[in-house]
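Bear in mind that the values in this text are calculations on the coordinates, not laboratory data. Keep in mind that what you see is a predicted model, and the values were worked out from it rather than measured. So basically every Cβ, Gly included, is an ideal-geometry build from the backbone, and we count neighbours across all protein chains shown.
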């Protein structure tokens, strides 16, 4: 479970101080599916970075299962990210010279998983997202939707507790968007993940059980029946 208390984030833009987050309080239970929305520059991606331990707050606490990510050393924070948090980004972030299976294996290298097990787990992860016949294909040989499936497999192969997605359908057309959302929702249910996603797409937000709206660094959470 996440517990955020009084989280602020400030940074300088020239002579101006930008308040990206302005005292955010938020509880995200285990197994929750939360969509984060809001205008550009409102603090959505900043909040996701806090949840993923990719950035630290100016003040406040970001606790994951009772551990304040803001107070961890870089080495311990890297360990939490490697073991417990999976990331999916809009731009896929695949390594162009590696095939699908090798890209997925990269998530297991920091965990010290041996090569044979890495290959086996990567192949199973790709099969689970419908890419069992694409193991040896390079990113350039796959469509955008297929590349995003590889990215999802890479995020999930290490069996994380949390899946964070930043505009995962932003580069896809409507039909492919729906396919990727089906994959993400299936993985959320099957793996019992805590699934948190930033999106501008109101059609996606309407289907989420909880929506957090951020405007000017402040947050409002809406529960859906």
Q: Answer yes or no: is there a residue in region 39-51 that is free of Cβ contacts under 8 Å to residues at least 40 places away in the same chain, more than 21 Å from residue 78 (Cβ to Cβ), touching a strand residue (DSSP E or B) at 6+ places or on another chain (Cβ under 7 Å) and surrounded by fewer than 21 Cβ atoms within 10 Å (Cβ to Cβ).
A: no
**Q.** Residues of region 1-35 satisfying the condition of being at positive phi and free of Cβ contacts under 8 Å to residues at least 40 places away in the same chain
**A.** 14
**Q.** Hits in region 64-89 (condition: surrounded by 15 or more Cβ atoms within 10 Å (Cβ to Cβ) and touching a residue at least 24 places away in the same chain (Cβ under 8 Å))
**A.** 64, 77, 80, 81, 82, 84, 85, 86, 87, 88, 89
Q: Select from region 138-153 the residues that are more than 24 Å from residue 186 (Cα to Cα) and outside any helix (DSSP H, G or I) and list them in ascending order.
A: 138
Q: Scan 150, 183 and give me the residue that is without any contact (Cβ under 8 Å) to a residue 60 or more places away in the chain, surrounded by 23 or more Cβ atoms within 10 Å (Cβ to Cβ) and either within 29 Å of residue 65 (Cβ to Cβ) or touching a strand residue (DSSP E or B) at 6+ places or on another chain (Cβ under 6 Å) (or both).
A: 150
Q | region 80-129, residues that are touching a strand residue (DSSP E or B) at 6+ places or on another chain (Cβ under 8 Å), farther than 24 Å from residue 1 by Cα and outside any loop (DSSP other than H, G, I, E, B) | A | none
